Ligand code: SF4
């Protein structure tokens with residue numbers, strides 16, 4: 001399998017979910033300060049890594065400090 005690559009901002013699903021690489025840049029109505037990929041239920045990989053797999057974007061890496069509208073609090 002190919003190495004995962006950084007999720008392109010123009011990926012259709014990324015655009016549909018308003019993904020951003022810096023959570024604080026989000027203009028989305030549902031964005032809440034303090035939420036980001038690192039504390040999302042769907043993040044995978046190692047804590048603290050800058051780029052990590054996400055269950056919603058197979059084959060890609062998302063920014064640890066990113067955000068999208070599918071964000072759900074890690075239990
Ligand atoms: Fe980040 Fe969660 Fe969206 Fe994946 S689902 S891109 S971890 S906010």
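Where a number appears in this text, it was derived from the coordinates with a stated rule and is not lab data. All figures in this text were calculated on a predicted structure; none of them were measured in a lab. As a convention, Cβ positions derive from the backbone with ideal geometry for all residues, glycine included, and neighbour counts pool all protein chains shown.
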- Note on the structure: Between residue 25 and residue 46, the FRET efficiency computed from the C-beta separation at R0 = 30 Å comes out, to the nearest 0.05, as 0.80
- Efficiency of FRET from Cβ geometry, residue 72 and residue 5, R₀ 22 Å, rounded to 0.05: 0.35
- Item | Value of relative contact order over the chain, rounded to a whole percent, pairs C-alpha under 8 Å and six or more apart | 39 percent
- Message: Considering all projection directions equally, how large on average is the shadow of the alpha-carbon convex hull of the chain, in square nanometres?
- Response: 4.8 nm²
- Message: Report for the chain the percent antiparallel among DSSP-assigned beta bridges with both residues inside it, nearest 5.
- Response: 75 percent
